[in-house]
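Data block below; observations after.
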Amino acid sequence: MEFVERTRLTPRFERFARSRINARLYDTAVDDQGYARDSYGHATVAGLTWRPTGLTTLEGYSGLRQQVYADPRFDALFVPTAGLRIVTSPSQLTSLRLALDQSVRETTTPAASGRLVTALTAQLDHELQRDLLARLQLRYAVDDYRGSGRRDEDVAAGVSLTYFASRHLHARLSLRHARLESNRAGVRSFRRNQFEFSLEVRY
(Lines give C-alpha, C1' and ligand atoms only; values in the text may rest on other atoms or scores of the structure.)
Protein backbone atom coordinates (compact mmCIF):
# COMPACT_ATOMS: atom_id res chain seq x y z
CA MET A 1 0.00 0.00 0.00
CA GLU A 2 1.36 3.42 -0.94
CA PHE A 3 0.37 6.96 0.00
CA VAL A 4 1.84 9.89 -1.94
CA GLU A 5 1.37 13.63 -1.61
CA ARG A 6 2.93 16.00 -4.16
CA THR A 7 3.14 19.79 -4.15
CA ARG A 8 4.36 21.82 -7.12
CA LEU A 9 6.68 24.60 -5.96
CA THR A 10 7.67 26.03 -9.33
CA PRO A 11 7.29 24.82 -12.94
CA ARG A 12 10.53 22.85 -12.47
CA PHE A 13 10.44 21.84 -8.79
CA GLU A 14 8.05 19.56 -6.96
CA ARG A 15 8.22 18.24 -3.40
CA PHE A 16 6.64 15.01 -2.27
CA ALA A 17 6.02 12.82 0.75
CA ARG A 18 5.57 9.09 0.32
CA SER A 19 4.82 6.20 2.65
CA ARG A 20 4.87 2.57 1.54
CA ILE A 21 3.33 0.11 4.00
CA ASN A 22 3.77 -3.66 3.76
CA ALA A 23 2.53 -6.80 5.51
CA ARG A 24 4.42 -10.02 4.78
CA LEU A 25 2.49 -13.07 5.91
CA TYR A 26 3.60 -16.64 5.28
CA ASP A 27 1.42 -19.73 4.78
CA THR A 28 3.17 -21.53 7.66
CA ALA A 29 3.65 -20.12 11.15
CA VAL A 30 7.37 -21.03 11.27
CA ASP A 31 9.95 -22.01 8.67
CA ASP A 32 12.14 -25.14 8.59
CA GLN A 33 14.56 -23.58 11.12
CA GLY A 34 11.75 -22.71 13.53
CA TYR A 35 11.63 -18.95 12.85
CA ALA A 36 8.39 -16.98 12.52
CA ARG A 37 9.00 -14.90 9.38
CA ASP A 38 5.85 -12.76 9.33
CA SER A 39 6.59 -9.02 9.45
CA TYR A 40 5.09 -5.56 9.05
CA GLY A 41 6.84 -2.42 7.97
CA HIS A 42 6.94 0.89 6.16
CA ALA A 43 9.28 3.24 4.32
CA THR A 44 8.34 6.88 4.84
CA VAL A 45 10.33 9.52 2.94
CA ALA A 46 10.23 13.11 1.78
CA GLY A 47 11.90 14.29 -1.39
CA LEU A 48 12.26 16.74 -4.22
CA THR A 49 11.79 16.34 -7.98
CA TRP A 50 13.64 18.68 -10.35
CA ARG A 51 13.05 18.89 -14.09
CA PRO A 52 15.80 21.22 -15.42
CA THR A 53 14.72 20.47 -19.00
CA GLY A 54 11.93 18.60 -20.71
CA LEU A 55 14.31 15.69 -21.27
CA THR A 56 15.82 15.34 -17.77
CA THR A 57 14.30 14.52 -14.38
CA LEU A 58 16.18 14.26 -11.09
CA GLU A 59 14.57 12.96 -7.89
CA GLY A 60 16.08 12.62 -4.43
CA TYR A 61 14.53 11.51 -1.16
CA SER A 62 15.37 10.56 2.41
CA GLY A 63 13.46 9.24 5.39
CA LEU A 64 13.07 6.22 7.65
CA ARG A 65 12.52 2.52 7.01
CA GLN A 66 11.11 0.12 9.60
CA GLN A 67 10.33 -3.61 9.64
CA VAL A 68 8.99 -5.40 12.74
CA TYR A 69 9.14 -9.20 12.90
CA ALA A 70 6.84 -11.66 14.60
CA ASP A 71 9.71 -13.76 15.96
CA PRO A 72 10.98 -12.19 19.23
CA ARG A 73 14.53 -13.34 18.38
CA PHE A 74 14.63 -10.85 15.50
CA ASP A 75 15.39 -7.25 16.34
CA ALA A 76 13.16 -4.73 14.62
CA LEU A 77 14.83 -2.95 11.72
CA PHE A 78 14.73 0.82 12.06
CA VAL A 79 17.19 2.65 9.80
CA PRO A 80 17.51 5.87 7.82
CA THR A 81 17.01 5.44 4.09
CA ALA A 82 17.68 7.55 1.01
CA GLY A 83 17.61 7.31 -2.76
CA LEU A 84 18.32 9.11 -5.99
CA ARG A 85 16.96 8.73 -9.52
CA ILE A 86 18.02 10.39 -12.75
CA VAL A 87 16.22 10.00 -16.07
CA THR A 88 17.57 11.80 -19.11
CA SER A 89 17.49 11.62 -22.91
CA PRO A 90 20.73 12.87 -24.47
CA SER A 91 19.06 12.52 -27.87
CA GLN A 92 15.73 11.48 -29.35
CA LEU A 93 17.11 7.96 -29.83
CA THR A 94 18.88 7.51 -26.48
CA SER A 95 17.68 7.42 -22.88
CA LEU A 96 19.58 6.88 -19.64
CA ARG A 97 18.28 5.89 -16.21
CA LEU A 98 20.38 5.91 -13.03
CA ALA A 99 19.05 4.92 -9.62
CA LEU A 100 20.26 4.41 -6.07
CA ASP A 101 17.63 2.66 -3.98
CA GLN A 102 17.20 0.70 -0.76
CA SER A 103 14.75 -2.09 0.01
CA VAL A 104 14.09 -4.78 2.60
CA ARG A 105 13.92 -8.30 1.15
CA GLU A 106 13.04 -11.65 2.66
CA THR A 107 15.52 -14.42 3.49
CA THR A 108 15.54 -17.93 4.92
CA THR A 109 19.12 -17.60 6.21
CA PRO A 110 19.16 -18.82 9.85
CA ALA A 111 19.41 -16.03 12.46
CA ALA A 112 18.85 -13.33 9.81
CA SER A 113 15.57 -11.44 9.94
CA GLY A 114 15.83 -10.03 6.40
CA ARG A 115 18.09 -8.47 3.80
CA LEU A 116 18.67 -4.72 3.61
CA VAL A 117 19.56 -4.26 -0.06
CA THR A 118 21.29 -1.13 -1.31
CA ALA A 119 21.48 -1.14 -5.11
CA LEU A 120 22.99 1.15 -7.73
CA THR A 121 21.57 0.53 -11.22
CA ALA A 122 22.02 2.01 -14.68
CA GLN A 123 20.12 1.40 -17.90
CA LEU A 124 21.00 2.83 -21.30
CA ASP A 125 18.58 2.42 -24.23
CA HIS A 126 19.38 3.32 -27.82
CA GLU A 127 17.19 2.89 -30.90
CA LEU A 128 19.43 1.49 -33.63
CA GLN A 129 16.42 1.54 -35.94
CA ARG A 130 12.77 2.32 -35.49
CA ASP A 131 12.07 -1.34 -34.75
CA LEU A 132 15.39 -2.33 -33.10
CA LEU A 133 16.31 -1.37 -29.53
CA ALA A 134 19.71 -1.93 -27.89
CA ARG A 135 19.91 -1.96 -24.09
CA LEU A 136 22.80 -1.96 -21.62
CA GLN A 137 22.10 -2.69 -17.93
CA LEU A 138 24.49 -2.51 -14.96
CA ARG A 139 23.84 -3.29 -11.30
CA TYR A 140 25.90 -3.24 -8.11
CA ALA A 141 24.18 -4.22 -4.86
CA VAL A 142 25.12 -4.92 -1.26
CA ASP A 143 22.92 -7.33 0.71
CA ASP A 144 23.16 -6.86 4.49
CA TYR A 145 21.65 -9.91 6.23
CA ARG A 146 20.40 -8.27 9.41
CA GLY A 147 21.34 -10.05 12.63
CA SER A 148 23.73 -12.59 11.08
CA GLY A 149 26.78 -10.55 10.06
CA ARG A 150 26.55 -11.86 6.50
CA ARG A 151 27.23 -9.38 3.71
CA ASP A 152 27.01 -10.17 -0.01
CA GLU A 153 28.12 -8.13 -3.01
CA ASP A 154 26.13 -8.71 -6.19
CA VAL A 155 27.39 -7.40 -9.54
CA ALA A 156 25.59 -7.83 -12.86
CA ALA A 157 25.93 -6.53 -16.41
CA GLY A 158 23.81 -7.30 -19.44
CA VAL A 159 23.24 -6.33 -23.04
CA SER A 160 20.21 -7.06 -25.20
CA LEU A 161 18.69 -6.43 -28.61
CA THR A 162 14.92 -6.28 -29.02
CA TYR A 163 13.28 -6.46 -32.42
CA PHE A 164 9.71 -5.15 -32.59
CA ALA A 165 8.34 -7.22 -35.45
CA SER A 166 4.86 -5.78 -34.83
CA ARG A 167 2.75 -4.34 -32.03
CA HIS A 168 2.05 -7.88 -30.87
CA LEU A 169 5.34 -9.74 -31.50
CA HIS A 170 8.74 -8.90 -29.97
CA ALA A 171 11.96 -10.92 -30.27
CA ARG A 172 14.79 -10.45 -27.75
CA LEU A 173 18.39 -11.63 -27.69
CA SER A 174 20.32 -11.02 -24.47
CA LEU A 175 23.60 -11.81 -22.72
CA ARG A 176 24.02 -11.35 -18.96
CA HIS A 177 26.94 -11.77 -16.58
CA ALA A 178 26.41 -12.00 -12.81
CA ARG A 179 28.80 -12.40 -9.91
CA LEU A 180 28.22 -12.83 -6.17
CA GLU A 181 30.83 -12.59 -3.39
CA SER A 182 30.05 -13.19 0.29
CA ASN A 183 31.97 -12.63 3.52
CA ARG A 184 30.30 -15.66 5.12
CA ALA A 185 32.17 -18.95 5.09
CA GLY A 186 30.08 -21.68 3.55
CA VAL A 187 28.19 -19.34 1.23
CA ARG A 188 29.12 -20.30 -2.29
CA SER A 189 30.29 -17.41 -4.42
CA PHE A 190 29.61 -17.73 -8.12
CA ARG A 191 30.04 -16.28 -11.59
CA ARG A 192 27.36 -16.90 -14.18
CA ASN A 193 27.03 -16.11 -17.87
CA GLN A 194 23.51 -16.38 -19.26
CA PHE A 195 22.47 -16.31 -22.90
CA GLU A 196 18.79 -16.01 -23.74
CA PHE A 197 16.53 -15.75 -26.77
CA SER A 198 12.83 -15.09 -26.28
CA LEU A 199 9.68 -14.35 -28.23
CA GLU A 200 6.97 -12.24 -26.63
CA VAL A 201 3.41 -12.18 -27.88
CA ARG A 202 1.18 -9.35 -26.67
CA TYR A 203 -2.58 -9.19 -27.06
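The values are calculated or read from the model by the stated rules, or taken from the named source; none is laboratory data. Keep in mind that what you see is a predicted model, and the values were worked out from it rather than measured. Because the Cβ atoms are built from the backbone with ideal geometry, glycine has one as well, and the counts that use them run over all protein chains shown. When the accessible area is computed, the model is the full protein with side chains, heavy atoms only, and any ligands, DNA or RNA have been set aside. Shrake-Rupley method; radii C 1.70, N 1.55, O 1.52, S 1.80 Å.
Quick notes on this structure:
- Solvent-accessible area, 1.4 Å probe, carbon plus sulfur percent, for the chain: 56
- Dimensions of the chain based on its C-alpha atoms, expressed as ranges along the principal axes with the largest first, amount to 56, 47, 35 Å.
- The convex hull built on the alpha-carbon positions of the range 18-58 has an orientation-averaged projected area of 5.0 nm².
- Kirkwood Rh, Cα atoms: Rg over Rh of the range 54-122: 1.17
- Low-density loop cleavage sites - trypsin sites (Lys or Arg not before Pro) in the range 47-151, where at most 16 other Cβ are within 10 Å (DSSP): ARG73, ARG130
- For the range 1-99, averaging the sequence separation of C-alpha pairs within contact (under 8 Å, six or more residues apart) and dividing by the residue count gives a relative contact order of 20 percent.
- Unit charges at the beta carbon, dipole of the range 86-188: most positive-side option, HIS168, VAL187, LEU96: VAL187
- Each 5 Å bin from 0 upward holds the following percent of the Cα-Cα pairs of the range 100-203: 3, 11, 16, 17, 15, 12, 10, 8, 5, 2, 0.
- Rounded to the nearest 20 debye, the dipole size of the range 1-114 about its Cα centre is 740 debye, using +1 on the Cβ of Lys and Arg and -1 on the Cβ of Asp and Glu.
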